[in-house]
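J.: Let me give you the structure first, and then I'll get to my questions.
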Amino acid sequence: MVAERDLGPVATEAVAARAPDGAFDRAQRHAWWLLPCLTGALVAGSAGFVDPYLLYVATSWVIFGLLGLSLDIVWGKGGILSFGQTALYGIGGYLAGIVAINFAPLTGNTLIWTLPVGALAGAGAAALIGFFIFFSRMGPLQTTIVTYTFTLILWTGTVSFTARIGEAVVGGDNGMSNIPMLTAGFGAGAAPLGPAGMFITVVLVATAVYLAVAWLMRRPFGLIVIAVRQDDVKTELLGYDVRRQRLLLFALGGAVAGIAGALFGGWATYLNPNVFSVQQALLPPIYVLVGGRGSLFGAFIGALAVGGLSFWLGGGVIGGQTTLVLGLALIALVILLPGGLVGAARALLARCGLASVAAIPPATLGGYAGIPAASAQTALDRPGKSLTVQGISKAFGGVQAVDDVTLEIGSGSVRCLIGPNGAGKSTLLRLCMGLERPDSGSVRLGADEIARWPAFARVQAGLGIKMQRTQVFYECAVWTNLWIAAYARLGDARAAAQTAARALDQIGLRGRAHEPASALAHGEQQWLDIGMVLCLDPEVILLDEPTAGMTASETRRTAALVRALAGHAAIVVVDHDMEFVRMLDARITVLHQGAVFAEGTIAELRRDERVLDIYLGRRGGVADL
Amino acid sequence: MDLDYLAVVALSSLSSAAVLLIATLGLAVVFGLMGVINLAHGEFIMFGAFAALTASRSGLPFPLAVAAATLATAAFGVVVERVVIRRLYGRLLDTLLATWGLSLALYQTAVLIFGSVTPGIGMPISTIAIGRYTLSSYFLFLIGIAVALLLGTYLLLTRTHYGIMARAAVQDAETAAAMGIETGRLNTMTFALGSGLAGFAGAILLPAFPATPGMGFAFVTKAFLAVVAAGPVTITGTALTGGTLGTAASMTASFSATVFGDIVFFVGTLLILWWWPNGISDRWRRKL
């Protein structure tokens, strides 16, 4: 069931449909929305057969499922572990409650007030906190701590916060009462929903929210979210503004949490600072861990399991010994069941041979049935930009990694950077790319001074890099990797598919397009990485050790590729493989101890005694150069 | 607003900063040497407080009760490291989750054993007078304790065999292991040290902050923020961030409500992280 729901290409419209379009295929392609709709309808329909009190309690499980969903969005999909989801939920609940108390009498209906207000409040608060977290580029630990302390502060703050806003009285520890009960009808005579009506309404809202999120996750937005989780640096080096992407995702999670809070207020008709408490904040991670991270619907299973268990064991979700049990459960889950109940069940089924463990969710594999035949490369009739580095320096602690380097790489030309280990080659590329801040000096791309630009802006301006360490999205299919790269530049699914298909042929991996990148050999991963850079159609390309781990024939093909690119783009190649450098037949700059040591053709450098000296520490035996 | 008043506010702010540093140091040591944040740190403080309370009510003099509480919390830390933390090495977010679960489990256990209100310990509260105002001399004593604790930890980590090994292991675990340093045992010792410091904090603060199951939550907001704002050079960095933000927060709190102090601390941390996403000490050359 997991597989079917996640199935489906993010960019279906961009690729040709699978040829034999059987009913089964069609059903599979629509399963992502059909199954939730059916489940929602079934659950809502069960309302007629269940004891009203159980229905009333079960309504809160669905609401908690939404709360869990809000965490699964940011943590499961985006890798951001937030302990602040209940704070956003509480903010949404309180604001929706205040608005409902004041305005619901005008319409009778409460939902048209509480749902938008809850969503906006949750999203707004998330965006505010997220702005500081993501635009200052905090690390994962800092992010979690900031969200947790945010919750703790709201908890202590709301206990003493009292205010009167219109008819609404926020009474600190006493909470806010008189929140109108969920009402679906309109007009002065509209009666609040009974347990069954409330249950059905909440299930319908939850299904709608789930579908909206699932739909978004199937759009390019969702694919980029997954890319950011796997490798945020690589995603930025494709030209995506990772800060903005994370902010949007966090705000989306906040909106879902806010909607859950608004529903909770209308269900309980009462809110108090307990919604901000640590005990409450512990719940969403447990829901998500029980249900399995990243599955979205798992959050509902988790909430149902935890809620159901504590219901039948007696006692509410919070209070009593539940906190102790939940705390220990969290430790046990993290240590024993990192994949959650759903993951464990699937692993068990797999061991019995009943199902296969999908290590890579099909959504990230793409499921792209047809990859367009590559059209001929359109002739590039642009002058291309040049890259000029002037007097750039960078020190790490006491080490002068790059020392007053000046380089000019003319448009369409190839330049090799060589030098012993620690000469500053990689650091120089990182400075050009914006992955390190220079202590001084300037970097110009064409006419633009880019030394202060963030990395993604440099990529958008036409700079592309393949870093020393291979960077691909290992969980994604080869084809998806390329598509994500192409989409960064083009912003259009169909055009991106065309470009990605062309790159697929250029790197010769068409036969393996549907395999995950993790299945490729190291040399092939290097190509895939280069292929992603090609999808960006950069005007200046930086290649850091592109042939590391490649066989001799792979190296030759890479050299041919670089030579073919020359003329369309300026290329800087860092490599240790002198055979490869010779094949490129380009001008060479030798770096030594962070500074430019020599420059010339390979023939000139071969005659330079000093260059031979620094390479081996002494003369002689440098047959390689 | 006369001079006496300002002097009193300044002194009490300083002592609040000292309290914060005492409560934070164990967290900072673990973060600096193991790279993880123990979200149950507040409950380790609470553990120490209840241990000292139990010891002193069974007749132990207060200084001995503090020592006993410190050792008990350190021993508890060894158990937690062996049973939980060790299994999660290299899984930062899982460590956060597991210690968070531990935090709530410990809190609830304390509620079950001790109830939510407990008697304080009978310590004679002496005061000193500044003009028309009086200050508890215990708070001034805590300023001295904080300074001594900082110095002691600093010396422990720079001058002892353990400290040098532990700092080597944090810089490059693989090289350290290759040179025959047992990083696993070091981590146990580091976590025990951090726990012991937390236990000591709970015990030494007991006369001023009575033991309650929820007391941990009151300390950790500022403690977590101080450590995160401090960054990689944890001891000196925490002394700086905890000292400045702590003073600013308690100044604010003394003119308004406690929560505004927390908000000042929170916003101050956000601003520090805005400029130095890895903490204020990110580019310092020193290592502790």
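The values are calculated or read from the model by the stated rules, or taken from the named source; none is laboratory data. Only a predicted model underlies this, so the values are computations on that prediction, with no experimental measurement involved. Ideal geometry is used to build each Cβ from the backbone, glycine not excepted, and the neighbour counts take in all protein chains shown.
J.: What residue, of B:G214, B:G231, is within 10 Å of another protein chain (Cβ to nearest Cβ) and at positive phi?
T.: None of the others qualify; the one that does is B:G231.
J.: Can you tell me which residue among A:G511, A:G462 is in the same structural domain as A:T406 (by TED's automatic domain parsing) and farther than 26 Å from A:S411 by Cβ?
T.: The unique qualifying residue is A:G511.
J.: Still on this structure, please answer the following. Considering (1) free of Cβ contacts under 8 Å to residues at least 12 places away in the same chain; (2) within 14 Å of chain A (Cβ to nearest Cβ); (3) not aromatic (F, W, Y), say which one B:A110 fails and leave the rest.
T.: B:A110 satisfies every listed condition except (1).
J.: If we only count helices (runs of 4 or more DSSP H) wholly inside segment A:220-337, which ones have 1 or more residues that are out of contact with any Asp or Glu (no Cβ under 8 Å at 6 or more places or on another chain), surrounded by fewer than 23 Cβ atoms within 10 Å (Cβ to Cβ) and small (G, A, S)?
T.: Qualifying helices (runs of 4 or more DSSP H): A:220-230, A:242-268, A:298-312, A:322-336.
J.: Follow-up question, since we're still on this one. Among what's in segment A:216-231 and is in contact with a Gly (Cβ under 7 Å, 6 or more places away or on another chain) and at pLDDT 90 or above, pick the residue that is farthest from A:L247 (Cα to Cα). Break it down into steps so the answer makes sense when it comes.
T.: Residues of segment A:216-231 that are in contact with a Gly (Cβ under 7 Å, 6 or more places away or on another chain), as a first pass: A:216, A:218, A:225, A:228-229.
Checking the rest, the ones that are also at pLDDT 90 or above come to A:216, A:225, A:228-229.
Working: A:L216: 15, A:V225: 11, A:V228: 12, A:R229: 13 Å.
Once the filter is applied, the top-ranked residue is A:L216.
J.: Still on this structure: Within segment A:466-487, does at least one residue satisfy the condition of being assigned by TED's automatic domain parsing to the domain that holds A:I409, among the aliphatic types (A, V, I, L, M), at pLDDT below 90 and buried (at least 23 other Cβ atoms within 10 Å of the Cβ)?
T.: Step one: list which residues in segment A:466-487 are assigned by TED's automatic domain parsing to the domain that holds A:I409, which gives A:466-487.
Then keep just the ones that are among the aliphatic types (A, V, I, L, M); that gives A:467, A:472, A:477-478, A:482, A:484-486.
Filter again for at pLDDT below 90, leaving A:477.
Keeping just the survivors that are buried (at least 23 other Cβ atoms within 10 Å of the Cβ) gives A:477.
The answer is yes, given that some residue of segment A:466-487 is assigned by TED's automatic domain parsing to the domain that holds A:I409, among the aliphatic types (A, V, I, L, M), at pLDDT below 90 and buried (at least 23 other Cβ atoms within 10 Å of the Cβ).
J.: Go through segment A:140-173 residue by residue and tally those that are surrounded by fewer than 15 Cβ atoms within 10 Å (Cβ to Cβ) and either at the interface with chain B (Cβ under 7 Å from one of its Cβ atoms) or on the phi > 0 side of the Ramachandran plot (or both).
T.: So the count comes out to 3.
Matching residues to (1) touching a residue at least 12 places away in the same chain (Cβ under 8 Å); (2) in a helix (DSSP H, G or I); (3) more than 14 Å from chain B (Cβ to nearest Cβ); (4) not β-branched (V, I, T):
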position: A:G122; (1), (2), (3), (4): yes, yes, yes, yes
position: A:A184; (1), (2), (3), (4): yes, no, yes, yes
position: A:G187; (1), (2), (3), (4): yes, no, yes, yes
position: A:A190; (1), (2), (3), (4): yes, no, yes, yes
position: A:T201; (1), (2), (3), (4): yes, yes, yes, no
position: A:V205; (1), (2), (3), (4): yes, yes, yes, no
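J.: Counting just the residues of segment B:48-66 that are of a type in the set (A, V, I, L, M) and touching a residue at least 60 places away in the same chain (Cβ under 8 Å), which one comes out farthest from B:G202 (Cα to Cα)?
T.: Selected residue: B:A65.
J.: Still on this model: May I ask you to verify whether A:A548 is within 33 Å of the chain's Cα centre (by Cα), surrounded by fewer than 21 Cβ atoms within 10 Å (Cβ to Cβ) and in the same structural domain as A:K466 (by TED's automatic domain parsing)?
T.: yes
J.: Turning to a different aspect of this structure: For segment B:259-288, how many residues are facing chain A (nearest Cβ under 9 Å) and among the hydroxyl-bearing types (S, T, Y)?
T.: Selection size over segment B:259-288: 1.
J.: Between a first residue in segment B:30-42 that is within 10 Å of chain A (Cβ to nearest Cβ) and a second residue that is hydrophobic (A, V, I, L, M, F, W, C) and part of a loop (DSSP other than H, G, I, E, B), which pairs have beta carbons less than 8 Å apart while being 6 or more apart in sequence or on different chains?
T.: Close Cβ pairs (under 8 Å, with a partner that is hydrophobic (A, V, I, L, M, F, W, C) and part of a loop (DSSP other than H, G, I, E, B)) amount to B:F31/B:I37.
J.: With respect to B:L60, determine if the residue is surrounded by fewer than 20 Cβ atoms within 10 Å (Cβ to Cβ) and not β-branched (V, I, T).
T.: yes
J.: Which one of the conditions (1) at pLDDT 90 or above; (2) out of contact with any Leu (no Cβ under 8 Å at 6 or more places or on another chain); (3) under 30 Å from A:F161 (Cβ atoms) does A:L106 fail to meet, given that it meets all the rest?
T.: Answer for A:L106: the failing condition is (1).
J.: Here are some conditions: (1) within 14 Å of chain B (Cβ to nearest Cβ); (2) touching a Lys or Arg at 6+ places or on another chain (Cβ under 9 Å); (3) closer than 24 Å to A:A96 by Cβ. A:N274 meets all but one. Which one does it not meet?
T.: The failed condition is (2).
J.: Now for a different question. In segment A:411-422, is there at least one residue being in contact with a Cys (Cβ under 9 Å, 6 or more places away or on another chain) and under 22 Å from A:K466 (Cβ atoms)? Give the steps one after another, and end with the answer.
T.: At the first step, the residues of segment A:411-422 found to be in contact with a Cys (Cβ under 9 Å, 6 or more places away or on another chain) are none.
No; the residues of segment A:411-422 include none that is in contact with a Cys (Cβ under 9 Å, 6 or more places away or on another chain) and under 22 Å from A:K466 (Cβ atoms).
J.: Under 7 Å between Cβ atoms, at least 6 apart or on separate chains: pull out the pairs that start in segment A:447-471 with a residue that is closer than 22 Å to A:L565 by Cβ and end on any residue that is of a type in the set (K, R) and crowded, with 20+ Cβ neighbours inside 10 Å.
T.: A:I450/A:R458; A:G462/A:K385; A:Q471/A:K234
J.: Looking at (1) at pLDDT below 85; (2) of a type in the set (A, V, I, L, M, F, W, C); (3) surrounded by fewer than 16 Cβ atoms within 10 Å (Cβ to Cβ), which one does B:L135 not meet, given that it meets all the others?
T.: Of (1) at pLDDT below 85; (2) of a type in the set (A, V, I, L, M, F, W, C); (3) surrounded by fewer than 16 Cβ atoms within 10 Å (Cβ to Cβ), only one is false for B:L135: (3).
J.: Could you pull out every one of the helices (runs of 4 or more DSSP H) wholly within segment B:171-249 that has 2 or more residues that are among the aromatic types (F, W, Y)?
T.: Passing ranges, in order: B:183-204, B:215-230.
J.: Could you pull out the residue among B:G194, B:G184 that is under 16 Å from the mean Cα position of the chain (by Cα), more than 10 Å from every other protein chain (Cβ to nearest Cβ) and touching a residue at least 60 places away in the same chain (Cβ under 8 Å)?
T.: After applying the criteria, what remains is B:G194.
J.: If B:F76 satisfies every condition in (1) within 14 Å of chain A (Cβ to nearest Cβ); (2) surrounded by fewer than 24 Cβ atoms within 10 Å (Cβ to Cβ); (3) not charged (D, E, K, R) but one, which is the exception?
T.: The single condition B:F76 does not satisfy is (1).
J.: Which members of segment A:32-72 meet the condition of being among the aliphatic types (A, V, I, L, M) and not in a helix (DSSP H, G or I)?
T.: Answer for segment A:32-72, where residues must be among the aliphatic types (A, V, I, L, M) and not in a helix (DSSP H, G or I): just A:V50.
J.: In addition: Applying the selection to segment B:219-249, what residues are of a type in the set (S, T, N, Q), within 23 Å of B:V9 (Cβ to Cβ) and surrounded by fewer than 24 Cβ atoms within 10 Å (Cβ to Cβ)?
T.: Initial filter on segment B:219-249 (of a type in the set (S, T, N, Q)): B:221, B:234, B:236, B:238, B:241, B:244, B:247.
Adding the requirement that they be within 23 Å of B:V9 (Cβ to Cβ) leaves B:221, B:241, B:244, B:247.
Correct list: B:T244, B:T247.
J.: Of (1) outside the structural domain of A:A455 (by TED's automatic domain parsing); (2) surrounded by 13 or more Cβ atoms within 10 Å (Cβ to Cβ); (3) modelled with pLDDT of 65 or more, A:A374 satisfies all except one. Which?
T.: Here A:A374 meets the rest and fails (3).
J.: Could you tell me whether any residue of segment A:433-441 is in the same structural domain as A:A566 (by TED's automatic domain parsing) and part of a helix (DSSP H, G or I)?
T.: There is at least one residue in segment A:433-441 that is in the same structural domain as A:A566 (by TED's automatic domain parsing) and part of a helix (DSSP H, G or I).
J.: Here's something else I'd like to know. Quick one: would you say A:F83 is within 10 Å of chain B (Cβ to nearest Cβ), within 28 Å of B:N38 (Cα to Cα) and in a helix (DSSP H, G or I)?
T.: no
J.: Restricting to segment A:146-188, give me the number of residues that are hydroxyl-bearing (S, T, Y) and closer than 30 Å to A:I200 by Cβ.
T.: Residues flagged as hydroxyl-bearing (S, T, Y) and closer than 30 Å to A:I200 by Cβ within segment A:146-188 amount to 2.
J.: I've got another one for you. Among (1) among the basic types (K, R); (2) within 38 Å of the chain's Cα centre (by Cα); (3) closer than 17 Å to A:L271 by Cα, there is one condition A:R137 misses while meeting the rest; what is its number?
T.: Condition not satisfied by A:R137: (3).
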